Amino acid sequence: MIVLEYKVKGKIEQYKAIDQAIRTTQFVRNKAIRYWMDNSRELKIDKFALNRYSTTLRKEFSFVDHLNSMAVQSAAERGWSAISRFYDNCKKKISGKKGYPRFQKDGRSVEYKTSGWALHPTKRQITFTDKNRIGKLKLLGKWDIHTNNVKDIKRVRLIRRADGYYAQFCLNITVTDVQPETGKEIGLDVGIESFYTDSNGYQEPNPKFLRKAEQSIKQSQRQIYKKVKGSSGRRKARKVYSKKHLKVSRQRIEHAKRIARNVCTSNDVVAYEDLSVRNLVKNHCLAKSISDASWYLFRQWIEYFAAKFDKLAIPVAPHYTSQKCSNCGVIVKKSLSTRTHICNCGCELHRDTNAAINILNLAKQARDGQSRSNANGLETSTLLGVTLVEQVSRSKLESPSMRERGVST
């Protein structure tokens, strides 16, 4: 599955119609969750029961009936997605909050399936045919959706962002681009001081997009509170503030995508840390820097390009990778402030380089006993279009302390 995204251009009335469709989607999702809350466990409310309930909502509320029937089902499925995630977390006995379903207050998208829309023969325009009267919208973008069969489009999603409205097309196709073998292998140790350090000693600079834009973001945020609540000036100030955050988000995505692509095209084997970022950001001193580095986003793109280019990507448990000597294997205790690894065997390296070499060595050991069933030994997801990202489905290791993980700062 891949996702192609276009910016859509229309009239003000059409944008208002899109907003109405988004509000309807939010209403149906929240009603589905309330229906699940109000009924007893003996009734066993599941995905199919919520789909049937969405049909009842169409009969009860006229504005729900204006939305395409499959779009209403998609809204109910969003409610079930939150419920099933809560059930899964309970079964896995995850510590802390289990993610009990919550009502959505600010929906930003509406999703159609295989009906309710029609592409123009040029595939540069799309028409929505339900009773919301969205009508014909122009598609602005450089994606070559015209080369694909319309039957391959399984979902169409309209998204509202700070800088306008977008249309995403989810296509049921597989993209492969087998690259020539290079005979190279590399281990990656992510950090805050540098974005990553590889086993060859190279350190990729950390761009720190949020840190650079933080002052401008704070200034725009202060402008919001100077405006009267409910005024057009406050609404415009919020839009300026949202655009600054959107810019940072896009910078992170493009940076992670570019670096991951270069790494996968230059190496046949890529070993990386299997970090649990959710646990790492509990450290309030480093949470902002860890989030700004976007390690998990980088990992997702590594796995995507490894599958696309027929390369091998191997996750490695990060335990003691920076403490263990890559030359003799002896544990050399060091604090996070100690940036150089010095061992009695004579090995002297930057601590991140030492960790990257250990990661690569562990990946080689794991590879010897692992069959190459697919490109990277994992079930990976297609990542074109961030809002439709499907997370890698596999269990996570429990997170040890940051000192044991060897997270570099």
Please go through (1) among the charged types (D, E, K, R); (2) touching a residue at least 12 places away in the same chain (Cβ under 8 Å); (3) out of contact with any helix residue (DSSP H, G or I) (no Cβ under 9 Å at 6 or more places or on another chain); (4) open to solvent by 10 Å² or more (accessible area, probe 1.4 Å) for Arg351 and return the number of the only condition it doesn't satisfy. (4)
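One line per residue, one yes/no per condition, for (1) among the β-branched types (Val, Ile, Thr); (2) part of a helix (DSSP H, G or I); (3) open to solvent by 60 Å² or more (accessible area, probe 1.4 Å):
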{"position": "Ile18", "(1), (2), (3)": "yes, yes, no"}
{"position": "Arg23", "(1), (2), (3)": "no, yes, yes"}
{"position": "Arg78", "(1), (2), (3)": "no, yes, no"}
{"position": "Asn89", "(1), (2), (3)": "no, yes, no"}
Of all strands (runs of 3 or more DSSP E) fully inside the range 132-233, the set with 3 or more residues that are open to solvent by less than 60 Å² (accessible area, probe 1.4 Å) is 135-140, 153-161, 164-171, 185-190, 194-198
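Rundown of residues vs (1) within 22 Å of Arg160 (Cα to Cα); (2) within 24 Å of the chain's Cα centre (by Cα); (3) without any contact (Cβ under 8 Å) to a residue 40 or more places away in the chain, yes/no style:
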site	(1), (2), (3)
Ala213	no, yes, yes
Asn279	no, yes, no
Lys282	no, yes, yes
Ile290	no, yes, no
Tyr296	no, yes, yes
Arg299	no, yes, yes
Ile302	no, yes, no
Tyr320	no, no, no
Kindly indicate whether any position in the range 264-273 is free of Cβ contacts under 8 Å to residues at least 60 places away in the same chain and of a type in the set (Val, Ile, Thr). no
State whether one or more residues within the range 273-296 are within 30 Å of Glu181 (Cα to Cα), hydrophobic (A, V, I, L, M, F, W, C) and open to solvent by 20 Å² or more (accessible area, probe 1.4 Å). no
Name the pairs: first residue in the range 160-177 and within 17 Å of Glu111 (Cα to Cα), second residue of a type in the set (Ser, Thr, Tyr), Cβ to Cβ under 6 Å, at least 6 apart or on different chains? Ala167/Tyr6
Considering each of Val8, Val72, Val28, Val64 in turn, give the residue that is among the hydrophobic types (A, V, I, L, M, F, W, C), surrounded by 19 or more Cβ atoms within 10 Å (Cβ to Cβ) and outside any helix (DSSP H, G or I). Val8
Filter the range 111-131 for residues that are farther than 19 Å from Asn149 by Cα and open to solvent by 30 Å² or more (accessible area, probe 1.4 Å) and give the result. Thr129, Lys131
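The values are calculated or read from the model by the stated rules, or taken from the named source; none is laboratory data. Keep in mind that what you see is a predicted model, and the values were worked out from it rather than measured. Note that we place each Cβ from the backbone using ideal geometry, even for glycine, and neighbour counts take in every protein chain shown. Calculation scope for accessible area: heavy atoms of the full protein, side chains included, ligands and nucleic acids excluded. Shrake-Rupley method; radii C 1.70, N 1.55, O 1.52, S 1.80 Å.
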